[in-house]
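First the structure, which I've put down as structure tokens, then a few questions once you've had a look.
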Amino acid sequence: MKIAIGCDPNAQKEKEELMDYIKAKGYGEVSDFGSEDPIYANVAIKVGEAVAAGEYDRGILICGTGIGMSIAANKVKGAYAALVTDYYSAQRARLSNDANIICMGAFTTGCKEREFLTTEFLTNEFVKGCGSQPKVDAFVKYDQER
């Protein structure tokens with residue numbers, strides 16, 4: 001699995017910790033999309049474009065709360081970013097919503113929690129044909145037509 005990761009300047013340490021964790025767990029190849037740009041939307045858009053283009057399988061974005069990154073990434077056609085804050089939302093981001101990017105907060109989640117959320121996101125897959133399929137199909141259709 002190829003994973004794109006980026007953050008704002010406030011989350012540099014958290015991003016590096018998460019990259020080390022992903023590598024140690026063997027979840028895949030991780031590419032750093034940076035953290036120096038104070039305009040976090042630029043990083044979110046780069047990650048969103050890379051994931052939407054199929055160059056990367058998944059993306060992870062971190063800022064103070066994760067909110068700004070999720071808003072920015074979701075502006076990219078084909079990027080489906082979910083703000084995750086707990087086990088259930090991280091798991092359902094993949095299983096029910098087919099999210100291809102997760103966003104987390106450096107100020108709102110601790111190191112172990114970010115690791116746990118990342119594991120749920122990277123180890124679960126969307127269940128094609130599940131009860132959520134028509135909902136996912138609806139937003140994908142809208143996205144493709146805009």
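The values are calculated or read from the model by the stated rules, or taken from the named source; none is laboratory data. What you see is a predicted model, and the numbers here were worked out from it, not measured in a lab. Cβ: placed from backbone, ideal geometry, glycine included. Neighbour counts: every protein chain shown.
Would you please list the contacts, defined by Cβ atoms under 9 Å and residues six or more apart or on different chains, that run from a residue in region 27-46 that is on the phi > 0 side of the Ramachandran plot to a residue that is surrounded by 20 or more Cβ atoms within 10 Å (Cβ to Cβ) and of a type in the set (Gly, Ala, Ser)?
Here the result reads GLY34/GLY6, each pair linking region 27-46 to a residue that is surrounded by 20 or more Cβ atoms within 10 Å (Cβ to Cβ) and of a type in the set (Gly, Ala, Ser).
Look through region 15-31, keep the residues that are part of a helix (DSSP H, G or I) and of a type outside the set (D, E, K, R), and return whichever of them is farthest from GLU115 (Cα to Cα). I'd like the intermediate steps shown before the answer.
First, the residues of region 15-31 that are part of a helix (DSSP H, G or I): 15-25.
After this cut, where a residue has to be of a type outside the set (D, E, K, R) as well, the list is 18-19, 21-22, 24.
Values: LEU18: 7, MET19: 10, TYR21: 7, ILE22: 8, ALA24: 11 Å.
Here the residue is ALA24.
Within region 97-113, count every residue that is crowded, with 18+ Cβ neighbours inside 10 Å and touching a Ser or Thr at 6+ places or on another chain (Cβ under 6 Å). If you could, list the steps in order and put the result at the bottom.
The initial filter retains those residues of region 97-113 that are crowded, with 18+ Cβ neighbours inside 10 Å, namely 98-106, 109.
Checking the rest, the ones that are also touching a Ser or Thr at 6+ places or on another chain (Cβ under 6 Å) come to 103, 105.
Total meeting the criteria: 2.
I'd like to verify a number: residues in region 1-55 that are touching a strand residue (DSSP E or B) at 6+ places or on another chain (Cβ under 8 Å) and either under 20 Å from ILE71 (Cβ atoms) or among the charged types (D, E, K, R) (or both), how many?
First, pick out the residues of region 1-55 that are touching a strand residue (DSSP E or B) at 6+ places or on another chain (Cβ under 8 Å): 1-8, 10-11, 14-15, 18-19, 22-23, 27-35, 40, 43-44, 46-48, 50-51, 55.
Pick out the ones that are also either under 20 Å from ILE71 (Cβ atoms) or among the charged types (D, E, K, R) (or both) and you get 2, 4-8, 10-11, 14-15, 23, 29, 32-35, 40, 43-44, 46-48, 50-51, 55.
Final tally of qualifying residues: 25.
Where in region 32-146 are the helices (runs of 4 or more DSSP H), entirely inside, with at least 1 residues that are more than 21 Å from PRO9 (Cα to Cα)? Give the derivation first.
On the way: elements: 40-52, 67-73, 87-95, 111-123, 133-145.
By residue number, 40-52, 87-95, 111-123, 133-145.
Quick one: in region 22-46, of everything that is of a type outside the set (D, E, K, R) and at pLDDT below 95, which residue is surrounded by the most Cβ atoms within 10 Å (Cβ to Cβ)? Write out each step before concluding.
To start, the set of residues in region 22-46 that are of a type outside the set (D, E, K, R) comprises 22, 24, 26-28, 30-31, 33-35, 38-45.
Right, trim to at pLDDT below 95 and you get 34-35, 38-40.
Details: GLY34: 16, SER35: 22, PRO38: 10, ILE39: 11, TYR40: 24.
By that ranking, first place goes to TYR40.
Would you point out the residue of region 114-146, among those that are surrounded by 15 or more Cβ atoms within 10 Å (Cβ to Cβ) and out of contact with any helix residue (DSSP H, G or I) (no Cβ under 9 Å at 6 or more places or on another chain), that is farthest from VAL43 (Cα to Cα)? If you could, list the steps in order and put the result at the bottom.
Step one: of region 114-146, the residues surrounded by 15 or more Cβ atoms within 10 Å (Cβ to Cβ) are 114-122, 124, 126, 132, 136, 143.
Checking which are out of contact with any helix residue (DSSP H, G or I) (no Cβ under 9 Å at 6 or more places or on another chain) leaves us with 136, 143.
Working: VAL136: 25, ASP143: 21 Å.
Checking each candidate, the answer is VAL136.
Can you confirm whether region 5-14 contains a residue that is hydrophobic (A, V, I, L, M, F, W, C), part of a helix (DSSP H, G or I) and without any contact (Cβ under 8 Å) to a residue 24 or more places away in the chain?
no
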